[in-house]
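The values are calculated or read from the model by the stated rules, or taken from the named source; none is laboratory data. Computed from a predicted structure; not experimentally measured. Cβ placement follows ideal geometry from the backbone for every residue including glycine, while neighbour counts extend to all protein chains displayed. For accessibility, only protein heavy atoms count, side chains too; no ligands or nucleic acids. Shrake-Rupley method; radii C 1.70, N 1.55, O 1.52, S 1.80 Å.
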Amino acid sequence: MTKPCFLILLFATAIPGGTIRAELDVPMFLETYCAACHNPEKKKGKIDLMPLIANPNGSDAGFLEGIHDAVDFEDMPPEDEKQPSETERAEFLAAVKAFVIAGGREITEKAMQPGHGNYVDHKTLFTEPKVRKAATPVRLWRMSPHIFMQHANGLARAPLLRVQNNQGSDGLHPAFAYMTPPHTFRDHADAHLFEEATTELLFDVCWQIAGLQVTGKRQPSVIKEFAELEKPTADDWGQIIRTQFHLAMHSEPSEEETVALITLAEKTLADTGPKEALQTLLTAILLKPEAVYRFELGTGDPDEFGRVFLAPHELKYALAYALTDHAPDAALEKAADRGKLTTRADVRREVERLLADNKATEPRLLRFFQEYFEYPGAAEVFKDNRRANAVFANERIRDADLLVLHILNEDREVLKRLLTEDSLFIESIPREPVERRYRVFHLPDYGFPRQWKFEENQPIKPPIGKRSGILTHPAWLLSFSDNEKNQAIQRGRWVQMKLLGGIVPDTPIGVDAKLPTDPHLTLREKMHQVTRAEYCWTCHQKMDPLGLPFEQFDDFGRFREEELERPVDTTGDVAMGVESIDGPVEDPFKMLERFANSEHVEQVFVRHVFRYFLGRNETVDDAPTLIDAHKAYRESDGSMKALVLSFLTSDSFLYRQLPDAELASN
């Protein structure tokens, strides 16, 4: 089992004696624990460490960083080889870190990066700590593209930004693009910054918003009246500034901000004209950090652990953006203004109120499952028209959405049902042309014969084959396929990472393994020839046995019992070191049933919900939050809303951890 990352970091910064002996520690460690496999003769993994052992000062910093990560997360030495003590490992990591920093690079804490949350030890996260001190570091969190779209359209009082097919896969404006890696939750608080290109795009959007405020058909009355003034005074400019601050940030400008903005407006007025000056002023306010970032700094005196409670104006945004794509509603604004958003009980009241409004919270809750299961990726998979016939990926995605929403609305045993539900939704308008299209072209992959007639009473069980939740839904199966075949490796990776909480290392640089093209071989047989090589199997043993059971379906998601006129092999194996789920599996249905009844899988799911709603990866300090959330989920018969309520009233959500420097000043 992986050791807690915090222990490694603790040792790395507090080595006995306080001395880093880089030239000695690195070669000694590598020679003792690594050189037997990574030498010129064996060169396991195509890596020879002898030059590094001979001259650590002459090694590439990037190469050293890779070694650091492998040892840090205990990928190396392998489990069946001699292991260093925690102190030895910590001394080695500190020494390598010193070399890397000397080489002009930095080593970031990988477990905090998007997509690497599983590196934090699972058992530790569900073990009650001696002290409960969960908190999130103080932070700035950029608006999500979905929130910005609503925000921009509200300010412009027009549909300025719309989801469009020519603006990327999800149709969102590139000024506010998601920048997180694939297979992760997209709205990660630390992943989105403005660089030159996106800043230029943001300026362009804000200029357009301000233009519509100045000349649009639905101008704010204050701006309309101002535009008619022949010679505005400083007080007139001040009124406009206050109005824009209220519209864009729900706040008052400071005296310094007002003076600076009036100066900008009057200078622009002198250089250009009244319309351009007004538009420039409004744009400048829209470009302020407070207009596009959420400030989460907390307020009041820190407690004994250096934590402060979020201020009411911070909480109203944190709650609104956690559950909706809109600014705080009137009730949240009122609660914050009247001092009714200062306690955990106040937050619980507002979260319960918002969760009761399905129309407001449904988009955010649905988006969690879309990003978790990744089935909207079906729209990005190319299928040759001659093979695809009339397969409509977007309709399959919508059908998967309907299944998720159906289970969410009933809100019981949510994860279990999403892994085992044997019925499907098929969205259609019950008119003859559409019904005929579904009957003739659309339904073989769902398990309905061509003579099937549309039924309004849904969900319905397919008469052909069998289904078991989202992972056997055509949308998910399409997402993990390509033009010609299933992507069994990617399916297995998803199961390993998203259901089991395991770790799959990044693909080594330079690896471009290709499967044989022999048409007489099944996908399993082709993979066996390539991924079973010793160098490959170290990683592929974590994916292939979990993905191959889904060979029960073809690359369109059609149930099948034969492949190449032979019985399809749907066997697999689970090897996580968790007794309740480990062992061989016969087919995907038995595998998913095993997962659906597993406490371990349920806990991993809870971890993913944390990441989505907190905007970061969990740390060992968040253990109480995860324990309480899992308890709430179980005691509510698997309610998603109860799980979310637990997270949004937790210390991890409500408290911010002050930086050490600020604590010292306090």
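Here is how the numbers come out for the structure above:
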quantity	calculated
Residues being under 17 Å from G45 (Cα atoms) and open to solvent by 30 Å² or more (accessible area, probe 1.4 Å) - total across region 57-69	4
Some residue of region 539-553 being assigned to a loop (DSSP other than H, G, I, E, B), surrounded by fewer than 21 Cβ atoms within 10 Å (Cβ to Cβ) and under 29 Å from the mean Cα position of the chain (by Cα)	yes
Every pair of residues 6+ apart whose Cβ atoms lie under 7 Å, when the first sits in region 315-332 and is touching a residue at least 60 places away in the same chain (Cβ under 8 Å) while the second is assigned to a helix (DSSP H, G or I) and among the basic types (K, R)	L323/R364; D325/R364; P328/K316
Subset of region 52-65 that is at pLDDT below 80 and part of a helix (DSSP H, G or I) - its residue that is nearest to M576 (Cα to Cα)	E65
Residue that is farthest from the chain's Cα centre (by Cα) [pool: residues in region 279-314 that are free of Cβ contacts under 8 Å to residues at least 40 places away in the same chain and open to solvent by less than 20 Å² (accessible area, probe 1.4 Å)]	A311
Flag if R493 is assigned to a loop (DSSP other than H, G, I, E, B), among the charged types (D, E, K, R) and surrounded by 19 or more Cβ atoms within 10 Å (Cβ to Cβ)	no
Residue match in region 150-161 (condition: without any contact (Cβ under 8 Å) to a residue 40 or more places away in the chain and either farther than 30 Å from V504 by Cα or open to solvent by 70 Å² or more (accessible area, probe 1.4 Å) (or both))	yes
Pick from region 72-131, criterion basic (K, R) and not in a helix (DSSP H, G or I), ranking: nearest to H630 (Cα to Cα)	K130
Residues of region 79-109 satisfying the condition of being in contact (Cβ under 8 Å) with a residue 12 or more places away in the chain, surrounded by fewer than 16 Cβ atoms within 10 Å (Cβ to Cβ) and charged (D, E, K, R)	E81, K82, E86, R105, E109
Among residues of region 446-474, those that are more than 30 Å from the chain's Cα centre (by Cα) and open to solvent by 20 Å² or more (accessible area, probe 1.4 Å), counted	15
Residue ID - farthest from V131 (Cα to Cα), chosen from residues in region 307-329 that are of a type in the set (G, A, S) and at pLDDT 95 or above	A320
Region 44-56, residues that are surrounded by fewer than 18 Cβ atoms within 10 Å (Cβ to Cβ) and under 35 Å from the mean Cα position of the chain (by Cα)	K44, G45, K46
Subset of region 249-282 that is polar (S, T, N, Q) and not in a helix (DSSP H, G or I) - its residue that is farthest from A318 (Cα to Cα)	T272
Selection count, region 586-600, where residues are open to solvent by 10 Å² or more (accessible area, probe 1.4 Å), without any contact (Cβ under 8 Å) to a residue 60 or more places away in the chain and outside any loop (DSSP other than H, G, I, E, B)	3
Residue within region 179-188 that is in a helix (DSSP H, G or I), in contact (Cβ under 8 Å) with a residue 60 or more places away in the chain, out of contact with any Cys (no Cβ under 8 Å at 6 or more places or on another chain) and open to solvent by less than 20 Å² (accessible area, probe 1.4 Å) present	no
Listing of helices (runs of 4 or more DSSP H) fully contained in region 601-666 that carry 2 or more residues being open to solvent by 40 Å² or more (accessible area, probe 1.4 Å)	623-635, 660-665
Residue that is farthest from G377 (Cα to Cα), among those in region 543-558 that are modelled with pLDDT under 95 and of a type outside the set (D, E)	R558
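Rundown of residues vs (1) at pLDDT 90 or above; (2) touching a Pro at 6+ places or on another chain (Cβ under 9 Å); (3) outside any helix (DSSP H, G or I); (4) under 15 Å from A248 (Cβ atoms), yes/no style:
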| position | (1), (2), (3), (4) |
| --- | --- |
| D190 | no, yes, yes, no |
| A197 | no, yes, no, no |
| E200 | no, no, no, no |
| D204 | yes, no, no, no |
| Q208 | yes, no, no, yes |
| Q213 | yes, yes, no, yes |
| Q219 | no, no, yes, no |
| E230 | no, yes, yes, no |
